[in-house]
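The values are calculated or read from the model by the stated rules, or taken from the named source; none is laboratory data. Just so it is clear, the model here is predicted, and its values are computed rather than measured. We place every Cβ from the backbone using ideal geometry, glycine too, and count neighbours over all the protein chains shown.
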Amino acid sequence: MKTVELKYGISSFSCQLPNIRLLQPEQLPEPSAAEPLIHDGLAHPVGSMPLEQILKPGERVAIVTSDITRYSGSEIYLPILIAELNAIGIPDHDIEIIIALGIHRQQTEGEHRKILGSLYGRIAVYDHECDDPAELVDLGMTDSGIAVQVNRRVVEADRVIVTGTIGFHYFAGFGGGRKGLVPGVASRETCMASHFAVFNPPEIGGKHPDAVTGVLDGNPVDLNLVQAAQLVKPDFLLNTVLSPEKKILGVFCGDLEKAHRAGCEMVRKLFQVTLAEPVDLAVISCGGEPKDINFIQAQKALDYGCQAVKEGGTIILLAACRDGFGNPTFFDWFRYQDLDEFENALREDYQINGQTAHATLSKARRFRVIMISEFTAGQTQKMGMEKADDLDSALELVLPDLDEKAKIVVIPDGGMVLPVINS
């Protein structure tokens, strides 16, 4: 009988089950000191010159970094990056940090402190605002006809440095890279248009087969994001790869796409885990806060983890969601309970939150999903799932229906691990 601690928000549950397989990375490198990794990444950029050959004194620099829902190690790498700029001759007053909120809520003062670390109060910091036309600049159109509007502070800076972290993403393939700019500092309209490619043309219907986790080549969402982000003409990228304990394992600097792809390969190598066949039950923790700070973040663990489960199988999802759904309009989309009607509504008025809600309901129709969260039973049921108050209660709902040969996996870091059936 194995006992596994599964994170839930800022607390945890103990999981005891016989004959389980832990689905987790098997050979993660031992985290070393983060600072040398950051310095080495800056000194050996991928596909670009180092910063000292790009930037000049007198230039204004905009640094884009992730919001509180996507921990990236920013409080560690931003001071090192600023020191590098200072050494080049760029003073603090010529540097701005823009928080890449996309369509997320504004950050609190405490969250700014966490993101900036020792830089808070020293370097100017601004939250992106996706709905204020005065704060956006038109940059033209992508090849596919997407109008690109981006944060004015970013566009009007002499140099743009994009930072963040790389992990799997449930329809863009991977996070990080170009997503720091689009949707990170783009208008709401640009965000929606660039993500709409998740769907096939209406005459085909359904989701595009390549708009899935871990796929970049042929992924129409990635193509849209890259083309839109390139219109910003970013000068440099700094992306981290993190361990489940939020330690920095890798730092990839340089060209927006080339450095990002190098980091994606590290993520794939470390966090893609194979199974011989699908299982009957998966117990999935998102990995604790911030990966389960709200449902829009937590559902990524559901999306990845369900790939380990046979059709009609059961998933127990531990997702505290102390910040609610993550967007005030997200839950409204569950007024559609017929998936075809839901898809048609999205084609009429595409919203990223609606697409996430549609993907959630689709999975709830394919699997039995029992969620442990701060949502009410009514809210949970509306999303197609069952509510349990704790892990023991959830297991009591499931175990009596499983025979002794049932295959069970436990995924302690569902927001990072991608199960793949080895066919």
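Selection within segment 19-34: residues that are touching a helix residue (DSSP H, G or I) at 6+ places or on another chain (Cβ under 7 Å) and assigned to a loop (DSSP other than H, G, I, E, B). The member of this set that is farthest from Ile76 (Cα to Cα) is Leu23.
Exactly one residue among Ala319, Ala357, Ala394 is under 18 Å from Val212 (Cα atoms) and of a type in the set (A, V, I, L, M, F, W, C), and that residue is Ala357. The condition (being modelled with pLDDT of 95 or more and either buried (at least 20 other Cβ atoms within 10 Å of the Cβ) or of a type in the set (Phe, Trp, Tyr) (or both)) is satisfied by just one residue among Ile284, Ile293: Ile284. Sort out which residues of segment 389-423 are over 14 Å from Arg368 (Cβ atoms), more than 23 Å from the chain's Cα centre (by Cα), of a type in the set (Gly, Ala, Ser) and surrounded by 12 or more Cβ atoms within 10 Å (Cβ to Cβ), and write them in order of number. Residue satisfying the conditions is Ser393 alone.
Meeting the requirement of 3 or more residues that are closer than 26 Å to Ala229 by Cα, the strands (runs of 3 or more DSSP E) wholly within segment 241-310 are 248-254.
Considering only residues that are in contact with a Leu (Cβ under 9 Å, 6 or more places away or on another chain) and polar (S, T, N, Q), look in segment 107-139 and name the one that is farthest from Tyr71 (Cα to Cα). Per the criteria, the residue is Ser118.
Considering every residue within segment 48-58, establish whether at least one is crowded, with 23+ Cβ neighbours inside 10 Å, of a type in the set (S, T, N, Q) and modelled with pLDDT of 95 or more. No - not one qualifying residue is present in segment 48-58. Restricted to strands (runs of 3 or more DSSP E) entirely inside segment 366-423, those with at least 1 residues that are closer than 21 Å to Ala276 by Cβ, among the hydrophobic types (A, V, I, L, M, F, W, C) and out of contact with any Cys (no Cβ under 9 Å at 6 or more places or on another chain) are 408-411, 418-421. Could you tell me which residue of segment 59-86 is farthest from Lys246 (Cα to Cα), considering only residues that are of a type in the set (Ser, Thr, Tyr) and buried (at least 20 other Cβ atoms within 10 Å of the Cβ)? Checked segment 59-86; the qualifying residue farthest from Lys246 (Cα to Cα) is Thr65.
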